[in-house]
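No value in this document is a laboratory result; all are computed from the given coordinates. Please read all numbers here as calculations on a predicted model, not as lab measurements. For neighbour counting, all protein chains shown are included, and Cβ atoms are generated from backbone atoms with ideal geometry for every residue, glycine included.
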Amino acid sequence: MSTTIKKGETHIDRPELKGPVKIRLENVSFRYPDDISRKNERKEAVSKGQIEDLSFTVREGEFVSIIGGSGCGKSTTLSLLAGLNKADSGKLYIDDKEIDGPGKDRGVVFQHYALFPWMRARKNVEFGIKQVQNLERKELRARADHYLDLVGLHGEGSKFPYQLSGGMQQRVSIARLLAMETDILLMDEPFGAVDAKNRVVLQDLLLELLESDSDKKKTVVFVTHDIDEAILLSDRILFMKGRKIYRELTVPMSHPRKREEIVTSRQYLEFRKELFALFYDLDGEDQYENKHIEYFL
Ligand SMILES: Nc1ncnc2c1ncn2[C@@H]1O[C@H](COP(=O)(O)OP(=O)(O)OP(=O)(O)O)[C@@H](O)[C@H]1O
Ligand SMILES: [Mg+2]
């Protein structure tokens, strides 16, 4: 069975992960400065931000997923970790150093893939690499092509984003992230626009990459709506609700993981059921379409 912690508690340590704490958030609150939508709301609502008193840690080499309903602050949390927004209060650390803007230690893949429309796919990937490393022209191109091949875009490097489908564009943004070869990967629904078949391929690829000896120390914060994806990939799952971490679950399956073995195991099915119940509040107050959801369990 999984280990869950109760509402109000903040962290489960994973003794099997010996690495030091890589990422730490302490009582972080944030509100977008131009949030006009809230200005007309009740006074108490105005005082609330997009993120309230958020605290969690991620160890080196750990894969942590953030799940939660739309608008609960997942992308905002990632933007703070990426250094693209600054917390109003509280602190964020990487390797015990306070985050002060974007850093070469972090690669980000955004929910809306954010490719430069005027750059060909390969140039988009090369742009990412250049942010963190100076490579010779030939080496730069070879690395970009290597990662484009990995995500199944062999021979597509000279196309512009508008010549690629949404799923292909998203794969370019994943190639760009991986090609940066940073220690920390911040991924916001990276497979959201990818079709079901390629999604499976990319999940397996990511799992394989992260379980390979050279990349075992990569630390990943991954936002997803897909519960099965979260279980397959993660060591730990943070469930956000009401602008903070509502529940934290340690995924009971060990590494290396093989999809076929995982999805048929009893442990997986039990854990999945627990997560679904939490996500759709099956025992709780919301009573959200319970009958419909039970069908999937
Ligand atoms: N640039 C912005 N300016 C003002 N408000 C914003 C901005 N971006 C997001 N918000 C608001 O902040 C809250 C959290 O948004 P966020 O994008 O973090 O949600 P999310 O959990 O990632 O949702 P989703 O699952 O739909 O991607 C929402 O209420 C949203 O309306
Ligand atoms: Mg989001």
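Segment 52-74 and segment 184-206 have Cα centres spaced 18 Å apart. Between the alpha-carbon centres of segment 97-160 and segment 215-237 there is a gap of 22 Å.
Cα gyration tensor of segment 69-188, axes a ≥ b ≥ c as square roots of the eigenvalues: rounded (a/c below 1.5), prolate (a/b > b/c) or oblate? Here segment 69-188 falls in the oblate category. For segment 114-182, the square roots of the Cα gyration tensor eigenvalues, ordered a ≥ b ≥ c, give a/c of at least 1.5 with a/b greater than b/c, which places it in the prolate category. When peptides 249-261, 229-241 are ranked by their average number of other Cβ atoms within 10 Å per residue, the highest-first order is 229-241, 249-261.
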